[in-house]
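Following: one structure in structure tokens, then a few remarks.
The values are calculated or read from the model by the stated rules, or taken from the named source; none is laboratory data. If you're wondering where the values come from, they're calculated on a predicted model, not measured in any experiment. As a convention, Cβ positions derive from the backbone with ideal geometry for all residues, glycine included, and neighbour counts pool all protein chains shown.
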Amino acid sequence: MNNQALIITLIVLALSFDFLNGFHDSANVVATMISSRAMSPRAALTIAALADFAGPFLFGVAVAKTVGKEIAPPELITIQVVFAALLSASAWNIFTWYLAIPSSSSHALIGGILGAVLIGAGAQAIRMEGVWKVALALFISPLIGFAVGMVAMRLILWLARSATPKANIFFKIAQLPTAVALALSHGTNGAQKTMGVITMGLVVLGVQKDFVVPSWVVFASASAIALGTATGAWRLIHTLGAKFYRVRPIHSFTSQLSSAFVILGASALGGPVSTTHVVSSSIIGAGAAQRKSQVRWGVMGEIIMAWVLTVPASTAIAALFYLLINYFM
């Protein structure tokens, strides 16, 4: 393949992953809003998609730099590594969507990068300080999401302790700004992972010397994730919106507010967190704060199992893709 064909392939694979990321993670933004009847499904997805698109333009590209150059230096890897990582993450997203398991696109991409780099460039190409930074962001953020969701719920319940059932009207209306904030955080953190991979590929192919995210990459990545979000993964929306417990407006408002706070904070620090993990944990935290017995903990156990398997599975899949790609190229 000539260089132009490789660039086109890179962009197509990366934006396909970005679309799947938005499609897969749309449930994180809209599930509780739809389940609590605060908004119709189409209206919720439209608002989420627009905010997803705006996110990367408002909050910078710190996460893109973490993903694109702090895990492995672009000068030490090949384009086959980049292709294998993207294919692995996309395949895992499709597989978990089919099973209606809200797994992490972030974990899948990071696992794909690690697997492809290890087999394609060797362990010496891995920057462990970058890996630890990513690991801390990915694995601590769900715990923070759970804690923030629980604390926020208890505070809101205390503030609303003498409220009448009419308070539900307030919580339904209040979900509009919190949903926008959550979608902005998702677009900010999620789309940046694709920006980082595309820019990594451009450096690998010699299109640009320095790791600087071009404006067109920001626009293309924001557009792809917004389009995926607008499509909506209904299987996952049902899982997050109905299977944990009966989500009411107060739970939806609290979990959205808590998730947006955690994800935007991580984005500002350059930490690529999993929206799926943070939102799921915040929903559980909000429900458990009100009454632990209402939470179906078995469903959470199934999701945790998927979280545990995502990185090793996507690492192995990426290694297989690398061998296939390298054979044909």
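Observations on the structure shown:
- Within region 227-329, helices (runs of 4 or more DSSP H) holding 3 or more residues that are out of contact with any helix residue (DSSP H, G or I) (no Cβ under 7 Å at 6 or more places or on another chain) and at pLDDT 85 or above: 297-328
- Residues that are β-branched (Val, Ile, Thr), touching a helix residue (DSSP H, G or I) at 6+ places or on another chain (Cβ under 7 Å) and closer than 16 Å to LEU76 by Cα occur in region 175-197; there is at least one.
- Looking only at region 89-148, and only at residues there that are farther than 22 Å from LEU323 by Cβ and among the hydroxyl-bearing types (Ser, Thr, Tyr), the one that is surrounded by the fewest Cβ atoms within 10 Å (Cβ to Cβ): TYR98
- Number of the exception - THR164 against (1) β-branched (Val, Ile, Thr); (2) surrounded by 15 or more Cβ atoms within 10 Å (Cβ to Cβ); (3) not in a helix (DSSP H, G or I): (2)
- The residue list ILE225, ILE198 contains one member that is of a type in the set (Val, Ile, Thr), in contact (Cβ under 8 Å) with a residue 12 or more places away in the chain and in contact with a Gly (Cβ under 7 Å, 6 or more places away or on another chain), which is ILE225.
- Residue in region 22-44 that is hydrophobic (A, V, I, L, M, F, W, C), within 16 Å of the chain's Cα centre (by Cα), surrounded by 24 or more Cβ atoms within 10 Å (Cβ to Cβ) and over 29 Å from VAL131 (Cα atoms) present: yes
- When region 98-152 is filtered for residues that are of a type in the set (Asp, Glu) and not in a helix (DSSP H, G or I), nothing remains.
- Some residue of region 179-187 being exposed (fewer than 15 other Cβ atoms within 10 Å of the Cβ) and either basic (Lys, Arg) or within 18 Å of SER267 (Cα to Cα) (or both): no
- Qualifying residue in region 192-202 (condition: modelled with pLDDT under 85, closer than 30 Å to LEU6 by Cβ and not charged (D, E, K, R)): yes
- Residue in region 57-66 that is closer than 30 Å to ASN326 by Cα and of a type in the set (Lys, Arg) present: yes
- When we screen ALA72, ALA85, ALA38, ALA51 for residues that are outside any helix (DSSP H, G or I) and at pLDDT 80 or above, the only hit is ALA72.
- Neighbours by Cβ (under 9 Å, 6+ apart or cross-chain): first from region 9-36, in contact (Cβ under 8 Å) with a residue 60 or more places away in the chain and under 17 Å from SER105 (Cα atoms); second basic (Lys, Arg) and part of a helix (DSSP H, G or I): PHE17/LYS193; ASP18/LYS193; ASN21/LYS193; ALA27/ARG235
- Cβ-Cβ under 7 Å pairs, at least 6 apart or on other chains, region 264-276 side touching a residue at least 12 places away in the same chain (Cβ under 8 Å), far side in a loop (DSSP other than H, G, I, E, B): ALA266/VAL273; SER274/SER104; THR276/PRO102; THR276/SER103; THR276/SER104
- Criterion: farther than 20 Å from ILE263 by Cα and modelled with pLDDT under 90 - qualifying residue of THR178, THR164: THR164
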